[in-house]
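**Student:** I have a structure I would like to understand better, so I am pasting it below and will then ask my questions one at a time.
Coordinate-derived values only; no laboratory data. The shown structure was predicted, so the numbers you read here are calculated from the model rather than taken from an experiment. Cβ coordinates were reconstructed from backbone atoms using ideal geometry, including for glycine residues, and neighbour counts include every protein chain displayed.
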Amino acid sequence: MRYRYNSYCNCARCRTHGLMGPVMLITVGVLFLLDQLGHAHWMGFDFTWPALMIVPGVVMLLERSASTYGHIPRGYNAPLPPNANQPVPPGTPGYPPAYPPPGPIAPPPPIAPAGFISAPPPNPENKGGA
């Protein structure tokens with residue numbers, strides 16, 4: 001299934017999707033600030049403009065590597081017709097979670113101590129030695 005952004009979803013990937021605009025605005029502002037401060041030649045916009053390609057790439061990398069746990073698929077936000085037999089839409093109170101909550105985790109039983117390593121008991125069928 002292909003991932004599609006849903007503005008009604010609260011998973012990490014959908015939350016990260018909304019960061020591109022603010023991050024780009026901050027990046028452009030910082031680049032123009034560096035250009036105005038311009039005490040060094042590397043602070044000019046002609047040296048710092050590659051950040052306008054690097055920063056969106058980093059944001060896209062973070063967006064695509066974020067978890068989709070609890071993602072609500074797109075299309076579930078449409079209003080329901082007035083029918084009492086309709087199921088509850090995702091994101092509303094009473095909607096079952098996408099994944100069941102994990103049950104209690106029980107630790108494994110303790111392992112008995114190994115004790116001393118000794119020779120195996122003699123085999124009564126083997127009387128000849130080797």
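**Student:** When you count, for each residue, the other Cβ atoms within 10 Å and take the mean per peptide, how do 7-16, 57-66 rank with the highest first?
**Tutor:** Numbers: 7-16: 16.2, 57-66: 13.0.
Per-residue mean Cβ counts within 10 Å order the peptides as 7-16, 57-66.
**Student:** Could you tell me which of rounded, prolate or oblate describes the range 19-65, using a ≥ b ≥ c as the square roots of the eigenvalues of the alpha-carbon gyration tensor, with rounded for a/c under 1.5 and, failing that, prolate when a/b is larger than b/c and oblate otherwise?
**Tutor:** Working: a/c = 4.06, a/b = 2.25, b/c = 1.81.
Cα axes put the range 19-65 in the prolate bin.
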